[in-house]
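To start, the structure under review is shown below, and the notes come after it.
The values are calculated or read from the model by the stated rules, or taken from the named source; none is laboratory data. Fair warning: this is a prediction, and the values are worked out from it, not measured in the lab. Counting neighbours? That spans all protein chains shown, and the Cβs are built from the backbone with ideal geometry, glycine included.
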Amino acid sequence: MAMTPIIRIQREDFDLSAEIAALTAGRSDIGAVVSFAGLCRDEGGRLKALELEHYPGMAEAEIARVAEEAARRWPLSGLVAVHRHGLVAPGEQIVLVIAASAHRRAAFEAAEFLMDYLKTRAPFWKREHLVDGTTGGWVEAKAEDDAAAQRWD
Amino acid sequence: MAMTPIIRIQREDFDLSAEIAALTAGRSDIGAVVSFAGLCRDEGGRLKALELEHYPGMAEAEIARVAEEAARRWPLSGLVAVHRHGLVAPGEQIVLVIAASAHRRAAFEAAEFLMDYLKTRAPFWKREHLVDGTTGGWVEAKAEDDAAAQRWD
Amino acid sequence: MTQAPTQARTVKLVYFAWVRERIGVSEETVAPPAGTETIADLVRWLKTRDEGYEAAFENEAIVRAAIDHHHVKPDAVITGAREIAFFPPMTGG
Amino acid sequence: MTQAPTQARTVKLVYFAWVRERIGVSEETVAPPAGTETIADLVRWLKTRDEGYEAAFENEAIVRAAIDHHHVKPDAVITGAREIAFFPPMTGG
């Protein structure tokens, strides 16, 4: 596998165009670039921010394992996964996945696979901070996310 | 359907980040933005450029019909389709699709649906211009593209 | 009583990609003979015009048609059409 | 012959999200008793320590574990582990 996935856990925001440019610069064998950006919703005006806790070290390692699995399954030219931690306000970006390939199907599938697995396997936890000034509860895991990940088994 | 798809056929390149920003600006109900960028490959160094011919009027109308169908099938917050015509060099962008939704599954599926249908229904034709200075043939339609579109029937 | 003069029905045709190249023009207005009801009828008549049309519609099954910017099948009725297009399978995206 | 002194086996534990909140610390080094072979054994022992642990592992089936940054099941053997983590189901992405 010549392709080395780019994986970062960071507090700062990310720039989708810059990440894609880094992936495709100087190449003319890439036919398809699929990106996913996960944004913070305000949940109908209830939410002031999401707090993202993560397990440093394991977060990177687990995403790297998922990325390697994606690279084994699909012929990819490039793969990026960036996940923020700390406080994220509604409208802001939380997570980014980019998959590049010669053909679109591989890029779409790899990006969706990476997101489904990242949701259920990467050690991140969300807590809600509410507009009324209180700290809400920890977001509960969704059965539909487990089901989404199991599609790929 | 409050959502109005943005559809453009143009000779100029497009800016993915600007398109996403226009879609998400001032909103906090969007949780997922999936983008697809189709790039021109050099086909192992053989290709100097792709020439894209289209049917003005029908191209816009057909993509609009596909976009409306996507909006009927998935709860979308926004949809963008931009397709270039004219000469495109290897490494350059040809087509862009963006789908935004509250949840990632809808955004992924709508973007892939739009691309699959755009490939088989939008009146565009590619011709190869070769590095050796000759004009190659018209690109032949692929059975796999028809199969991809038929998945959604 | 005098018979109303037969008004030749005309329609604009547009061609794309290798269909356009084989026919040699990108658009034209034609007056198909009476009895030309469907896309298939129109193609049959066009093929009699010269060898360019014959080459373009050599494999009729592969050439696609649109009436007024909508994809149609060979049995589509052309009555009332303002613009009929013929083109190869699409390869955009 | 003298018997070798029993060296207490110690392991670093780390906790996240509401598991961390209920236990009250984010990490600690503990010396589980002899016979603590698996994650399930370790959880059983931790629950005896105080009501914070008991609350954290109230529903054992829901708490996830990792050994040295790898997800593991309750029957995973902890021998040789440098760092064991406990946390709720993940909600990133």
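So in the range A:8-17, with the set limited to residues that are surrounded by fewer than 19 Cβ atoms within 10 Å (Cβ to Cβ) and within 30 Å of D:E27 (Cβ to Cβ), which one is farthest from the other protein chains (Cβ to nearest Cβ)? Show your work before the answer.
First pass over the range A:8-17, keeping only residues surrounded by fewer than 19 Cβ atoms within 10 Å (Cβ to Cβ): A:8, A:10-15, A:17.
Within this subset, residues satisfying the condition of being within 30 Å of D:E27 (Cβ to Cβ) are A:8, A:10-14.
Numbers: A:R8: 14, A:Q10: 13, A:R11: 14, A:E12: 16, A:D13: 12, A:F14: 11 Å.
Once the filter is applied, the top-ranked residue is A:E12.
Can you spot a residue in the range B:62-82 that is hydroxyl-bearing (S, T, Y), in contact with a helix residue (DSSP H, G or I) (Cβ under 8 Å, 6 or more places away or on another chain) and more than 21 Å from A:A106 (Cβ to Cβ)? Full working, then the answer.
Of all residues in the range B:62-82, those hydroxyl-bearing (S, T, Y) come to B:77.
Checking which are in contact with a helix residue (DSSP H, G or I) (Cβ under 8 Å, 6 or more places away or on another chain) leaves us with B:77.
Going one step further and asking which of them are more than 21 Å from A:A106 (Cβ to Cβ), we end up with B:77.
Looking through the range B:62-82, at least one residue is hydroxyl-bearing (S, T, Y), in contact with a helix residue (DSSP H, G or I) (Cβ under 8 Å, 6 or more places away or on another chain) and more than 21 Å from A:A106 (Cβ to Cβ).
On the stretch given as the range B:115-146, residues that are crowded, with 19+ Cβ neighbours inside 10 Å and either closer than 26 Å to A:D146 by Cα or polar (S, T, N, Q) (or both) total 1. Within the range C:71-93, how many residues are part of a strand (DSSP E or B) and surrounded by 14 or more Cβ atoms within 10 Å (Cβ to Cβ)? Residues that pass the stated criteria total 7. For the range A:67-90, filtering for residues that are under 20 Å from A:A32 (Cβ atoms) and β-branched (V, I, T) leaves 2.
Kindly indicate the residue of the range B:46-72 that is of a type in the set (D, E, K, R) and without any contact (Cβ under 8 Å) to a residue 60 or more places away in the chain and also farthest from B:W125 (Cα to Cα) among those meeting that condition.
Restricting attention to the range B:46-72, the residues satisfying the condition of being of a type in the set (D, E, K, R) are B:46, B:48, B:51, B:53, B:60, B:62, B:65, B:68-69, B:72.
Keeping just the survivors that are without any contact (Cβ under 8 Å) to a residue 60 or more places away in the chain gives B:60, B:65, B:69.
Values: B:E60: 14, B:R65: 19, B:E69: 23 Å.
Step by step, filter the range B:46-72, then rank; the result is B:E69.
Say whether the condition of being more than 30 Å from B:K48 (Cα to Cα), within 7 Å of another protein chain (Cβ to nearest Cβ), among the charged types (D, E, K, R) and surrounded by 15 or more Cβ atoms within 10 Å (Cβ to Cβ) is met by at least one residue in the range A:18-30. No: the range A:18-30 contains no residue that is more than 30 Å from B:K48 (Cα to Cα), within 7 Å of another protein chain (Cβ to nearest Cβ), among the charged types (D, E, K, R) and surrounded by 15 or more Cβ atoms within 10 Å (Cβ to Cβ).
Among what's in the range A:34-53 and is at the interface with chain B (Cβ under 10 Å from one of its Cβ atoms), outside any loop (DSSP other than H, G, I, E, B) and within 15 Å of the chain's Cα centre (by Cα), pick the residue that is farthest from A:V95 (Cα to Cα).
Applying the filter and picking the extreme gives A:V34.
Checking A:A147, A:A111, A:A122 one by one, the residue that is among the hydrophobic types (A, V, I, L, M, F, W, C) and farther than 13 Å from A:A67 by Cα is A:A147 and no other. Being in contact (Cβ under 8 Å) with a residue 40 or more places away in the chain and away from chain B (no Cβ under 14 Å) is a property that does not hold for C:I84.
Does D:E60 satisfy the criteria of being surrounded by fewer than 18 Cβ atoms within 10 Å (Cβ to Cβ), within 14 Å of chain A (Cβ to nearest Cβ) and either among the acidic types (D, E) or free of Cβ contacts under 8 Å to residues at least 40 places away in the same chain (or both)? It is false that D:E60 is surrounded by fewer than 18 Cβ atoms within 10 Å (Cβ to Cβ), within 14 Å of chain A (Cβ to nearest Cβ) and either among the acidic types (D, E) or free of Cβ contacts under 8 Å to residues at least 40 places away in the same chain (or both).
For D:A17, state whether it is at pLDDT 95 or above and buried (at least 17 other Cβ atoms within 10 Å of the Cβ). Talk me through it step by step, then tell me what you get.
Details: at pLDDT 95 or above: yes; buried (at least 17 other Cβ atoms within 10 Å of the Cβ): yes.
Here the answer is yes, as D:A17 does meet what is asked.
Quick check on the range D:42-53: of everything there that is out of contact with any helix residue (DSSP H, G or I) (no Cβ under 8 Å at 6 or more places or on another chain) and touching a residue at least 12 places away in the same chain (Cβ under 8 Å), which residue is farthest from A:E62 (Cα to Cα)? This residue is D:W45. Please determine, by comparing only the residues of the range C:35-54 that are more than 13 Å from the chain's Cα centre (by Cα) and more than 18 Å from C:P74 (Cα to Cα), which one is surrounded by the fewest Cβ atoms within 10 Å (Cβ to Cβ). By that ranking, first place goes to C:E51.
Residue by residue, here is whether (1) away from every other protein chain (no Cβ under 11 Å); (2) touching a residue at least 12 places away in the same chain (Cβ under 8 Å) holds:
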site: D:T29; (1), (2): yes, yes
site: D:A55; (1), (2): yes, yes
site: D:A66; (1), (2): no, yes
site: D:H70; (1), (2): no, no
site: D:M90; (1), (2): no, yes
